[in-house]
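Each remark here refers to the structure printed beneath this line.
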Amino acid sequence: MDSTEELIHTLTVELKRGTLVLLVLSQLHQPEYGYSLIQKLEDKHAPIEAGTLYPLLRRLEKQQLLKSEWDTTDSRPRKFYVLSEQGKQVYNELKTEWQTLSSQLAQILLEEEQ
Amino acid sequence: MELIERYIYAVTEQLPKDQKEDVGKELRANIEDMLPEDYTEEDVKRVLEQLGNPWQIAEEYQPRQRYLIGPALYSKYFTVLKLVVGIVVAVVATISIIGWFFTPLEAGDDLNNYVDLTVELFGAVVQVGLQAALWVTVIFASIERGLFGKTENMQGLSDAKDAWSVRDLPAIPVQARRIPRSGSVISIIVTMLFTSVLYFQPQLVGIFISRDGDPNLYSLLETERLQLYMPFILILAFVQIALFVWKYIVQYWNYSLLTAHIAVSVLLGILLIVMIYDTALINNSFFNGAAQLFDISYQTMLWQWDQVVHVFVLAVIVITVWDALDAFFKTRKKAA
């Protein structure tokens, strides 16, 4: 029993991991810093772990999908991330891919039920 | 707060220098954001535990390849490591023990000398064992990093990012081109034997004549002169090990392997010929011993020696050429 639950957990994590990039990109039309993004996603009932998000933001920046800037006007300096031109393009493509994929999958699962 | 600093240190410790500071600064800001106003140590503990294992986060940040030898080469690495270290250790131990029998014990020698010799033996075995392990590891790590280019028949090594096409499929190996493992193993044993004798017990190469129960050893080589050649001998031994690893991995002849193989055997041949022609390398007492053994005069022995040298040189050339041709024809063989 335990191992089945464990397996389901692992598979769910894997399933979600593929959508993380899309999820994060979708929220970055306006600049956000690490924690603000976490709260934003939590409010939308799509929580993401801080330990996963922070390195992911850096990776996306390195892939030039995001631009970053330190904001030092506040008492606490924060690193803000926002979509780059390339990031916007990639986001739109990914979104279309996702919509196709999810509608296909929904169709297949529906057929299966009947 | 000390805990936060320790957490940041744990995450950034292994990152490249240019990222360390920025990642640390960002992480600190994020942690502070996650804490309430006027936070307590309990709050800090809760937030850090929520962030999770710092080493896992460090792993996610890490851009570089973080292994010496990857899964594609791992099992071959271990097989070769065990084989080479085993052979080297066995050869050195054997040679050292043989050396004992010809080490004349001086007056007043007792059991302590044998203790010394045993300690020496262990020292030598550990030393060469570590050397061999080091060099095998260096060679495999270089292959892993593509320093020798992409090698045929090494699945899993090619860069997954490169576009793959059907042309990249490895050809089914032609059986006739196979390099038998036993042959490679024997050649590595011979190489190690040769190198270790010259390195540890060069005086053993010579003639033994037993007179009145006393073994007399007439060494062939002048040990001091031999030191001149030692770097070349060691480099060649190292290259031979590298070649052995290469053959062991690809298992079948190909043209780059053939080129390397021929280059190494030609160099070895040249070294042997240069050494045998070097009159300063040959110990004069050897001629005395040989003359006694064959019961001929010293002058005749010198003349005979010239003949031996000619035969030796001829043999080296014939064997090198024959070996090169053999490898060449095997490499050229087409699938049946």
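Quick notes
- Selection from the stretch B:226-254 of residues that are at pLDDT below 85 and among the hydroxyl-bearing types (S, T, Y): B:Y248, B:Y252
- Of all residues assigned to the stretch A:32-47, at least one qualifies as being over 24 Å from B:E21 (Cβ atoms), within 14 Å of chain B (Cβ to nearest Cβ) and either among the basic types (K, R) or not in a helix (DSSP H, G or I) (or both).
- Number of the exception - A:S75 against (1) modelled with pLDDT under 90; (2) over 25 Å from B:P16 (Cα atoms); (3) surrounded by 13 or more Cβ atoms within 10 Å (Cβ to Cβ); (4) within 14 Å of chain B (Cβ to nearest Cβ): (3)
- Test: residue in the stretch A:93-105 that is touching a helix residue (DSSP H, G or I) at 6+ places or on another chain (Cβ under 8 Å) and within 14 Å of chain B (Cβ to nearest Cβ): no
- Screening A:W98 on (1) in contact (Cβ under 8 Å) with a residue 40 or more places away in the chain; (2) under 15 Å from A:H29 (Cα atoms); (3) not polar (S, T, N, Q) shows it passes everything except condition (2).
- Only a single criterion out of (1) closer than 24 Å to B:G99 by Cβ; (2) touching a residue at least 40 places away in the same chain (Cβ under 8 Å) is not satisfied by B:F232, namely (2).
- Residue in the stretch B:296-313 that is on the phi > 0 side of the Ramachandran plot, assigned by TED's automatic domain parsing to the domain that holds B:I209 and of a type outside the set (G, A, S) present: no
- Per the conditions (1) under 19 Å from B:I186 (Cα atoms); (2) assigned to a loop (DSSP other than H, G, I, E, B), the sole criterion not satisfied by B:K247 is (2).
- The set of residues in the stretch B:23-57 being at the interface with chain A (Cβ under 8 Å from one of its Cβ atoms) and either touching a strand residue (DSSP E or B) at 6+ places or on another chain (Cβ under 8 Å) or small (G, A, S) (or both) consists of B:K25, B:E26, B:A29, B:N30, B:D33, B:G52.
- Test set (1) more than 9 Å from chain A (Cβ to nearest Cβ); (2) more than 26 Å from B:T137 (Cα to Cα); (3) surrounded by 13 or more Cβ atoms within 10 Å (Cβ to Cβ) - B:A72 fails condition number: (2)
The values are calculated or read from the model by the stated rules, or taken from the named source; none is laboratory data. These numbers come from a predicted model, not from an experiment. Note that each Cβ is placed from the backbone with ideal geometry, even for glycine, and that neighbours are counted across all protein chains shown.
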